[in-house]
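Below is one structure, written out as structure tokens; the observations come after it.
What follows draws every value from the coordinates through simple rules; no lab data is involved. Predicted model, so just to flag it, every value in this text is computed and none were measured. Don't worry about glycine lacking a Cβ; one is built from the backbone with ideal geometry, like all the others, and counts go over all protein chains shown.
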Amino acid sequence: MKNLYVSGLLMLGLFILFGCSTLGKSDNLETNQNGLNATYYSFGEYGDSKIDYTEDISTCIEKQKSTDYSINFYPEFWPFEFDHAFAVEWNAFLKIPETNNYIFALLSDDRSYLSIDGNQVIDTNGTVNKDIESTPIKLKKGFHQINIKYFSNGDTIPLYSSGNAAYIVLKWKENGENELIPIENSYFRIME
């Protein structure tokens, strides 16, 4: 009985030492479906006083949930048509191929945020038509939880055939690489 008690204390100590970040997650995220969990929200009509470009989207009205396969959306690729302000929140595991320093970037109209493992690394602050980069982030090989929040104020411009200017692209590059590239679908795993 004493050995069982000591074993239990040892396991508890290891649990405390190494944390509980893997509890409730698949032992092998490679088997999870490629993609990102997406929740789309509506703000109502353009100019509505409820539009708030903060990280808190709890004031929004949920429109639909889906699985998206990348963060590479231009007006013609949104999964629904819209003519007013909206927001999207994506959650997924991102596969890091090798332990290294990575730089991430968001290109969006209007505002977007990127968090990795619970730490916000990018706030575009409404900057459009320009990649907003993170500082280099040291990430270990394996899966890391990401969260992207995107806000569009519903502006329309004639540049796009669909009439709206809403877009967002998530990019990255490894240390030593020169060019930021969109992150491919094969690096995302949905959260089950």
TODO: Search the structure for amide H atoms under 5 Å from the amide H of F143, placed 1.01 Å from N in the peptide plane, and list their residues when 5 or more places away or on another chain.
DONE: I96
- [ ] Filter the chymotrypsin sites (Phe, Trp or Tyr not before Pro) in region 98-139 to those in DSSP coil with at most 13 other Cβ atoms within 10 Å of their Cβ, and list the result.
- [x] none
Task: Greater than 23 Å apart at Cα, pairs in K95/K171; K63/K173; K140/K173 - done: K63/K173
